[in-house]
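Chemist: Dropping a structure here in structure tokens format, bear with me for questions.
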């Protein structure tokens with residue numbers, strides 16, 4: 001425990017140093033006409049942070065900003081809370097149509113990587129997220145809040161999505177519940193839909209469908225196929241559910257494993 005706290009302290013100190021180093025001392029910034037008392041024609045940037053799989057609660061992450069036109073936006077440190085909680089900070093007002101590039105500083109002691117960058121309003125994205133670089137560029141809108149959420153994880157975690165569909169025949173209704181090895185809380189999926197991407201331990205996982213009276217699990221499909229474990233799909237008789245094993249790779253949301261359960 002002491003080592004964990006020491007690591008977090010070192011990461012926080014390093015983050016402060018990096019943020020200070022990233023702030024240009026002699027840069028010639030354009031005067032920002034926007035203030036809290038004069039914010040017509042202005043918007044704000046809301047930056048949020050979530051701790052993904054393997055990240056200890058409440059480490060601090062540093063962020064720097066570069067704007068076009070070249071307004072000064074102060075760097076920030078934000079602590080990350082485990083989902084579903086999220087910690088956010090809001091910028092000073094920024095002139096509308098300003099393009100802001102956000103960069104998460106690389107805090108090596110945390111051994112963390114950006115696993116997802118979500119911009120609440122997709123039309124605000126000017127340059128798509130670059131996860132390895134920890135960057136995204138967004139446009140500030142008039143009288144609006146541009147919200148961006150960063151999520152980090154370690155190389156211990158990956159993403160899994162569970163989908164439920166019906167075999168040809170009578171429509172399938174209601175919800176289905178699944179347990180996943182290494183995940184404490186069961187996952188509920190509505191018939192005909194998919195769960196959100198779930199952060200789970202990387203490696204081989206067993207996903208078990210809890211049986212429903214009168215419902216038979218007929219098949220399971222894994223995408224991509226190379227993440228399936230050969231011969232591991234076990235459809236169950238009525239009321240006993242079924243299970244499948246998959247290999248979840250460590251990585252960002254784009255590398256997720258999708259499992260489709262088909263029932264009748």
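Chemist: 7 Å from Cα along Cα→Cβ at both residue 156 and residue 38: what's the point-to-point distance in nm?
Modeler: That separation, rounded to one decimal, is 5.2 nm.
Chemist: When Rg is the radius of gyration of the Cα atoms in segment 105-264 and Rh is its Kirkwood radius, what does Rg/Rh come to?
Modeler: 1.06
Chemist: Arrange 188, 98 by Cβ neighbour counts within 10 Å, fewest through most, would you? Present the calculation step by step, with values, prior to reporting the outcome.
Modeler: On the way: 188 13, 98 23.
Starting with the residue having the fewest Cβ neighbours, the order is 188, 98.
Chemist: Using the count of nearby Cβ atoms within 10 Å as a rough guide to exposure, how do 96, 217, 128 rank from fewest to most?
Modeler: Details: 96 16, 217 26, 128 11.
The order, fewest Cβ neighbours first, is 128, 96, 217.
Chemist: Once the Cβ-Cβ distance between residue 163 and residue 99 is put in as r, and R0 is 35 Å, what FRET efficiency do you end up with, to the nearest 0.05? Please report the intermediate quantities before stating the final value.
Modeler: Details: r = 37 Å, r/R0 = 1.05.
Using R0 = 35 Å, I get an efficiency of 0.45.
Chemist: Along the Cα-to-Cβ line of residue 177, 7 Å from the Cα, sits a label point; which residues in segment 81-101 have backbone N less than 18 Å from it?
Modeler: none
Chemist: Could you tell me the distance between the Cα centroids of segment 161-192 and segment 200-239, to the nearest Å?
Modeler: Here the two parts' Cα centres lie 10 Å apart.
Chemist: Taking the Cα atoms of segment 27-91, report the difference between the largest and smallest coordinate on each principal axis, in whole Å and largest first.
Modeler: The Cα atoms of segment 27-91 stretch 41, 26, 15 Å along the principal axes, largest first.
Chemist: Let me ask you something else. Extension gain residue 260-residue 204, at 0.36 nm per residue separation less the Cα-Cα distance, in nm? Could the numbers behind the result be given before it?
Modeler: Values: separation 56, 0.36 × 56 = 20.16 nm, distance 1.67 nm.
Difference between extended and current length: 18.5 nm.
Chemist: Debye calculation, C-alpha points only, no solvent: report log10 I(q)/I(0) for segment 134-227 at q = 0.17, 0.20 Å⁻¹, in the same order as the q values.
Modeler: Result of the Debye calculation: -0.87, -1.05.
Chemist: Quick one: Cα centre-to-centre distance for segment 45-71 and segment 111-152, in angstrom?
Modeler: One Cα centre to the other: 10 Å.
Read-outs: derived from the displayed coordinates by stated rules, not from any lab. Everything quoted here is computed from the prediction, not taken from an experiment. Here Cβ is always computed from backbone atoms with ideal geometry, including for glycine, and neighbour counts include all displayed protein chains.
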